[in-house]
1. Determine the pairs where a residue that is under 18 Å from ILE100 (Cα atoms) and free of Cβ contacts under 8 Å to residues at least 60 places away in the same chain, located within the stretch 178-191, has a partner that is in a helix (DSSP H, G or I) and open to solvent by less than 40 Å² (accessible area, probe 1.4 Å) with Cβ atoms under 6 Å apart, the partner being 6 or more residues away or on another chain.
2. Quick one: is ALA31 within 30 Å of PRO178 (Cβ to Cβ) and either at pLDDT below 80 or touching a His at 6+ places or on another chain (Cβ under 7 Å) (or both)?
3. Suppose we filter the stretch 70-80 for residues that are assigned to a helix (DSSP H, G or I), surrounded by fewer than 21 Cβ atoms within 10 Å (Cβ to Cβ) and not hydroxyl-bearing (Ser, Thr, Tyr); how many remain?
4. I need the full set of residues from the stretch 219-234 which are modelled with pLDDT under 70, part of a helix (DSSP H, G or I) and either open to solvent by less than 90 Å² (accessible area, probe 1.4 Å) or closer than 18 Å to LEU81 by Cβ (or both), in order please.
Amino acid sequence: MQKTSSRKSRTLPSSLVRWQLAAVLMICGIAVALTFAVPAEQWQSLLQNLLDNQGWKTSLLLFGLYIVAVIFMLPLSPFALTAGLFLGFWLGTLISLVAINLGALLSFAISRRYLHSDYFKQSFSSKSMRLLTSNDIKIISLLRLNPIVPFSFHNYLYGAARTKLRPYLWGTLIGSAPFTLLLVYFGVTGRAIYSAGASIDGWHYTMLGIGVVLSVALLALTQYAKSSPHLANKE
């Protein structure tokens, strides 16, 4: 019985990763096919129409797709960039943060309901796995900033490990905010440059410069998260 449970605990994460990779490849294939099938002028016209006429329907659609992407462990960066591009900084940030955290909560609930802890008992006994499924808000926040474990997959680990809900929610919110804010900002910057066309001025270069500074600051933050003494002490 123990051998069977151990085998399942080892194969389930790898199966999820393979499934995610297959989904990403399928989406990329569809995107490439559409790129060759639809003329560039139509894509530009569609983009301009979306930029000029975005409303609650666009916000609701993006919100729903963002949540689905979190649950199905799809790449999340394009959604935050799109939110900044179409909705602006404040609304884009609000929708992105609510969507990514709601998706994380739903993933956590699904894992907690359907992934029985007996399958993961042996894995969770190791030091590294105990670290990945900590109940400490600070540890959860730092691990969210650490790219070693993918954000969406981490949600399922916490659910299977029966992590307490309150530290999970606060740690996820704090840890997801920096990357989300930066990506939304780059979306806003991209829209400003696209709208300016050939008349790019000093303000647009300033926006790019701010983005570079924020990227460097976030990189330093992720490096701190990787080497944090809080993580070392937990191990």
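1. Partner pairs satisfying both residue conditions: PRO178/LEU218; LEU182/LEU218.
2. Numbers: within 30 Å of PRO178 (Cβ to Cβ): yes; either at pLDDT below 80 or touching a His at 6+ places or on another chain (Cβ under 7 Å) (or both): yes.
Spelling it out, ALA31 is indeed within 30 Å of PRO178 (Cβ to Cβ) and either at pLDDT below 80 or touching a His at 6+ places or on another chain (Cβ under 7 Å) (or both).
3. 2
4. ALA225, PRO229, HIS230, LEU231, ALA232
The values are calculated or read from the model by the stated rules, or taken from the named source; none is laboratory data. In this text, all values refer to a predicted model and were calculated from it rather than measured experimentally. A quick note on method: Cβ atoms are made from the backbone with ideal geometry, for glycine too, and the neighbour counts reach across all protein chains shown. For accessibility, only protein heavy atoms count, side chains too; no ligands or nucleic acids. Shrake-Rupley method; radii C 1.70, N 1.55, O 1.52, S 1.80 Å.
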